[in-house]
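Undergrad: Sharing a structure with you now.
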Amino acid sequence: MKFDHIFDELEITTNPFAICQLQGTCNLGLERDASATLHYILSGEGEIIVRSRAPLKVSRGSLVLIPALQSHALHSFGVTSDPVPKCKPAALSLGHLMATSDCGGEGQLIALCAHVDVGLRGVADIIDLIREPLIENVSSPNRMHTTLQALLYEIANPGLGSRAMIRALLTQCMIEMLRKRLAVSDNALHWMAALADPTVWNALRAMLDKPGDNHTVESLADSVSMSRAAFAKRFASAYGSGPIELLRDLRMRRAGTLLRDTDIPVKRVAEMVGFTSRSAFSRAFETTTGQPPRKFRASSLKT
């Protein structure tokens, strides 16, 4: 029950943006995104390939959350599966991303893709605390199955309020995924334990609110009235890594959002996320995302 008050205060929003459809055995690459991406597999079997990680096996009913700035690809095995109603993405103002095999396979993999944001106690970007993919597979007896069937109906039969209903259903799925992964102590959710510790939360909030400030382990420890050693140990125990490692990730993700959503010059973006040198920022950003800032911005404008 220790997480109940956190769930009460979470503000989860989902924004569906595309239907991905893979015909036969093929891949569909997805660019790195400044937002976390939720995939719901509507039909088919395959896997999601994430850089430097083992492939994530998926099938109809799988929910997969990919953290921000992680490039990934959908791969269809091309096997036939239970038929689903024809999706109508245009009627829902959704993109329609397609890939077709040149080497056979009649089955298809269809996924609904959405951006996810999570806020807590007036702080946005809590979702950035997730640094590993989350996956939950839904089988027929599972209580999530009814929700996902309703989601599939709205996608196939769009009408008044369908887009709002899809957002609400995806939000319900996100809450269910989080609590199921917490129930099995998923390492990707170390951050939930950190939110339950007031001392660690205050330090997390400082970094989330102002990632560009000159934070150090010493300054964060001082802000919560602890010694450097005691704070570092408590933070690592609650969150699973040190505060400066987390701060680097938060800075890159905030930079990704600024590059995607604004036309602020790269040099100014670098300053806003704590870099005094544009070249140092560019190197750090490319190391994290595989793309220099200008290329990342250009690719974001195309999607």
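Undergrad: May I have the pair-distance distribution P(r) for the chain, computed from all Cα-Cα distances with 20 Å bins from 0 and rounded to whole percent?
TA: 32, 56, 12, 0
Undergrad: Further question: From zero outward in steps of 5 Å, how is the percent of C-alpha pairs of region 1-112 spread across the bins?
TA: 2, 11, 20, 22, 18, 11, 7, 4, 2, 1, 0
Undergrad: Follow-up. At a 10 Å Cβ-Cβ cut-off, how would you order ASP209, ASP125, fewest neighbours first?
TA: ASP209, ASP125
Undergrad: Compute and list, largest first, the equivalent-ellipsoid semi-axes of region 190-303 from the alpha carbon gyration tensor, each √(5λ) rounded to a whole angstrom.
TA: In descending order, the three semi-axes are 29, 14, 11 Å.
Undergrad: Another question, then. Among SER227, GLY212, VAL118, flag the residue with its Cα farthest along the positive direction of the charge dipole of the chain, charges on Cβ as +1 for Lys/Arg and -1 for Asp/Glu.
TA: Value: GLY212.
Undergrad: What ranking of LEU250, LEU42 emerges when the number of other C-beta atoms within 10 Å of each C-beta is taken as an exposure proxy, fewest first?
TA: Starting with the residue having the fewest Cβ neighbours, the order is LEU250, LEU42.
Undergrad: So for the chain: antiparallel DSSP bridges make up what percent, rounded to the nearest 5?
TA: Of those bridges, close to 90 percent are antiparallel.
Undergrad: Okay, moving on. Alpha carbon centre of region 34-84 versus region 91-135: separation in Å?
TA: 8
Undergrad: Around THR171, under 11 Å between beta carbons, what's the net of Lys plus Arg minus Asp minus Glu among the other residues?
TA: -2
Undergrad: Still on this structure, I have one more. Extending each Cα 7 Å along its Cβ direction at ALA168 and GLU106, get the distance between those two points in nm, one decimal.
TA: Between ALA168 and GLU106, the simple spin-label model gives 4.0 nm.
Undergrad: Here is a further query. Using the number of other C-beta atoms within 10 angstrom as an exposure proxy, rank VAL84, VAL58 with the fewest first. List each step's numbers first, then the result.
TA: On the way: VAL84 15, VAL58 25.
Ordered from fewest to most neighbouring Cβ atoms within 10 Å, VAL84, VAL58 come out as VAL84, VAL58.
Undergrad: Now for a separate question. Go ahead and run the numbers for FRET between ALA90 and SER237, Cβ-Cβ distance against an R0 of 51 Å, rounding to 0.05.
TA: 0.55
Undergrad: Another question about this same structure. Would you compute, from DSSP H runs of 4+ residues alone, the mean residue ellipticity of the chain at 222 nm, taking -39500 (n - 2.57) per run and dividing by the full residue count, rounded to the nearest 500?
TA: After summing the helix terms and dividing by residue count, I get -12500 deg cm²/dmol.
Bear in mind that the values in this text are calculations on the coordinates, not laboratory data. The model shown is predicted, which means the values in this text are computed figures rather than measured ones. Don't worry about glycine lacking a Cβ; one is built from the backbone with ideal geometry, like all the others, and counts go over all protein chains shown.
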